[in-house]
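The values are calculated or read from the model by the stated rules, or taken from the named source; none is laboratory data. Bear in mind that the values here come from a model prediction, so they are computed numbers and not experimental data. So basically every Cβ, Gly included, is an ideal-geometry build from the backbone, and we count neighbours across all protein chains shown.
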Amino acid sequence: MAKHTLSVLVENHAGVLSRVAGLFSRRGFNIDSLAVGVTENPDISRMTIVVDGDDYTVEQVGKQLNKLIDVIKIKQLDRHDSVSRELALIKVTATAATRAEVIQIVEIFRAKIVDVSKNTLTIEISGGTDKVAALEDMLKQFGIKEIVRTGTIAIERGNKYIRVNNEEE
């Protein structure tokens, strides 16, 4: 089984996310990551959905999504021909004795400290899922108090882009 990233353009109105999530639930498909946001056109939202499955499963997901009236277009993104990122905020324990070491690790990962308190640091990191997971793993030794992740967002490289009509650049 492999992870597949689907870019789905949908009508931007109430209930669309619920219908898409319900489709996955009814069919027994697991969503690894789901990120939704409005596009350059305020009437259209873009969902980036990461699913774990074989090619047949992903093909079935695409067919089921196409049946939903609010779905405009679906495209499976090739991981070699797209850029994907995730954002995470990680709140970690940082005592006087460990603060310098945590800061050094944050700098190595090119992350940023976005909040400081007497006993914690809140770190912002963006990058590939593996990078976010690696920083999380390094910070576990200090005690992670809380973590929030956006899920994957992805876009095709170069001049390619997904359009509402059937044309693609």
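Data table
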| read-out | value |
| --- | --- |
| Some residue of the stretch 38-47 being farther than 19 Å from E156 by Cα, surrounded by fewer than 14 Cβ atoms within 10 Å (Cβ to Cβ) and modelled with pLDDT of 90 or more | yes |
| Looking only at the stretch 107-128, and only at residues there that are of a type in the set (S, T, N, Q) and in a strand (DSSP E or B), the one that is surrounded by the fewest Cβ atoms within 10 Å (Cβ to Cβ) | S126 |
| Condition met for Q76 (under 16 Å from E156 (Cα atoms), polar (S, T, N, Q), touching a residue at least 24 places away in the same chain (Cβ under 8 Å) and surrounded by 12 or more Cβ atoms within 10 Å (Cβ to Cβ)) | yes |
| Some residue of the stretch 4-27 being charged (D, E, K, R), surrounded by 17 or more Cβ atoms within 10 Å (Cβ to Cβ), modelled with pLDDT of 90 or more and outside the structural domain of I125 (by TED's automatic domain parsing) | no |
| Selection status of V36, within 20 Å of the chain's Cα centre (by Cα), closer than 24 Å to E124 by Cβ and either aliphatic (A, V, I, L, M) or outside any strand (DSSP E or B) (or both) | yes |
| Residue that is assigned to a strand (DSSP E or B), modelled with pLDDT under 95, in contact with a Leu (Cβ under 8 Å, 6 or more places away or on another chain) and within 30 Å of L121 (Cβ to Cβ), where the choices are V92, V50 | V50 |
| Test result for V164, closer than 25 Å to N41 by Cα, more than 20 Å from the chain's Cα centre (by Cα), loosely packed, with under 15 Cβ neighbours inside 10 Å and touching a residue at least 12 places away in the same chain (Cβ under 8 Å) | yes |
